Amino acid sequence: MSLISKNRKLAIMRFLNSYPLQELFLLLKYHKLKRSEHKEPMLIISIDGRRNTQGLADRFSGIVSMYALSKALNVPFRCMFIHPFNLTDFLQPNIYDWSPKEEEISESINGVRYCILRKSRSVGYLLKRFPIKKQIRVYANLNYLDEINKKFGQNFIWSELFNELFRFTPELEEQLNMHKEMIGGKYIACVFRYQSLLGDFKEYRFRPVSEKEQKELIEKNKNALRSLAEDVNMPVLVTSDSQRFISEVKHLKNIFTLPGRVVHLDCTHNEQKQVYMKSFIDFFMISGAEKAFSMGTSKMYPTGFPLCAARLGNIPFNRILVE
């Protein structure tokens, strides 16, 4: 293929993958060309399976950010978290009722607009659509709170916004209380994020390393965790996306692990409720620690999961690079 042909193909792919075109595709694919009934304009964060939205912490970041924006602009806010489960199975509205009502949601092409916010886009892109005259469905999975506070002269606090939105279901609260009672008193939390490196966690197209490298990786992290556990005077809660790693460390002295299997929310669908419950238990147990750590080698992903949990719990967060 000639250089010109390659460049032309690249340009076509960029056009087809451009966010404005993707937003138009979403509108035309999922909404009806009909006479629009009057529906109240509002800001709706969408986690509906129509686009990948990454993990639980990424979803929480987008939700809280869009709620902050709705407060700054004084517009109604709804959270449409329905994939791969309904958020209300685990968290319910608290002070602010964010749950969308069927009768208030527009399904007309004339009544809806889409907005995709990703790393290359700031909140300023969304603000071009304000003051809103339609319902804006937003896909966002980053924390924009600092940008929103600066732009609107606000002092929103992430944890306060989260708690305005959510309270535990009785089932989740019971699970959390049980684990806190078992761990007994104060603890720190340490998170290891392998993605697919150990071959036991499905995430997009990431591939495992060789068996030799897997063993070396486990041993390095195991030794680093052992050293950390020896230095602290309280239990260490260890969470990971790798069940293999958890099985290697759960019997170490001063280490506490949680039962269950973790799945990636974008990559594993149609699981039992208890499987998805595990991510919520991990997240809120980390937020209740005295301090949270992300630990791992340079080959591993510097996860934002414990950072987000630490933000909710208003606790210190640090990364430990294992050499």
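The values are calculated or read from the model by the stated rules, or taken from the named source; none is laboratory data. The shown structure was predicted, so the numbers you read here are calculated from the model rather than taken from an experiment. Positions of Cβ are backbone-derived with ideal geometry, glycine not excepted, and every protein chain shown enters the neighbour counts. The accessibility values were calculated without ligands, DNA or RNA, using every heavy atom of the protein model including side chains. Shrake-Rupley method; radii C 1.70, N 1.55, O 1.52, S 1.80 Å.
Which whole-number percent is the relative contact order of the chain (Cα, under 8 Å, 6+ apart)? Worked out over the chain, it gives 19 percent. Accessible surface calculations at 1.4 Å, restricted to protein heavy atoms, place the stretch 83-138 at 48 Å² per residue. Within the straight-line cut-off of under 24 Å between alpha carbons, the lysines reachable from Lys212 are Lys202, Lys220, Lys222, Lys250, Lys299, sequence neighbours fewer than 8 places apart in one chain being disregarded. Each helix, a run of at least 4 DSSP H residues, gives -39500 (n - 2.57); summed and divided by the residues of the chain, these come to -12500 deg cm²/dmol at 222 nm. Farthest towards the positive end of the charge dipole of the chain, among the residues Tyr187, Leu198, Ile286, is the Cα of Leu198, using unit charges on the Cβ of Lys, Arg, Asp and Glu. Peptides 126-132, 291-297, 216-222, 275-281 ordered by packing proxy, namely the average of other Cβ atoms within 10 Å per residue, highest first: 291-297, 275-281, 216-222, 126-132. In the chain, a dipole from Cβ-located charges (positive for Lys and Arg, negative for Asp and Glu) runs towards its positive end, and of Phe25, Gly62, Leu117 it is Phe25 whose Cα lies farthest in that direction. Mean sequence separation of contacting Cα pairs (under 8 Å, at least six apart), scaled by the length of the stretch 238-306, corresponds to a relative contact order of 23 percent. With the cut-off at under 11 Å, measuring from each backbone N in the stretch 120-138 to a point 7 Å along the Cα-to-Cβ line of Glu164 picks out no residue.
For the chain, the longest principal axis of the C-alpha atoms and the axis of helix 170-183 are separated by about 20°.
Counting only residues at least eight positions apart within a chain, or on another chain, the lysines with an alpha carbon under 19 Å from that of Lys34 are Lys133, Lys134.
Of all aspartates and glutamates in the structure, those lying under 16 Å Cα to Cα from Lys291, and not within fewer than 8 positions of it along the same chain, are Glu230, Asp231, Asp282.
For the pair the stretch 143-166 / the stretch 95-109, the C-alpha centres are spaced 22 Å from each other.
Extension gain for the segment Ile320 to Lys273, taken as residue separation times 0.36 nm less the Cα-Cα distance, is 13.7 nm to one decimal. Apolar share of the accessible surface for the chain: 50 percent from carbon plus sulfur atoms, 1.4 Å probe.
In this Cβ point-charge picture (+1 for Lys and Arg, -1 for Asp and Glu), the stretch 142-219 has a dipole of about 280 debye about its Cα centre.
Past the 23 Å Cα-Cα mark, which pairs from Lys39/Lys273; Lys71/Lys180; Lys71/Lys101? Checking Cα-Cα distances, Lys39/Lys273; Lys71/Lys180 exceed 23 Å. Along the stretch 215-227 the Karplus relation, 6.51 cos²θ - 1.76 cosθ + 1.60 evaluated at θ = phi - 60°, assigns HN-Hα couplings of 5, 5, 5, 4, 5, 4, 5, 5, 5, 5, 5, 4, 5 Hz to successive residues, with x for each Gly and Pro.
Gain on full extension, evaluated as 0.36 nm per residue between Gln243 and Arg205 minus their Cα-Cα distance, stands at 11.8 nm. Antiparallel DSSP bridges in the stretch 85-173: what percent, to the nearest 5? Here the antiparallel bridges make up roughly 35 percent for the stretch 85-173. Taking the DSSP beta bridges with both ends in the chain, the antiparallel portion is around 10 percent.
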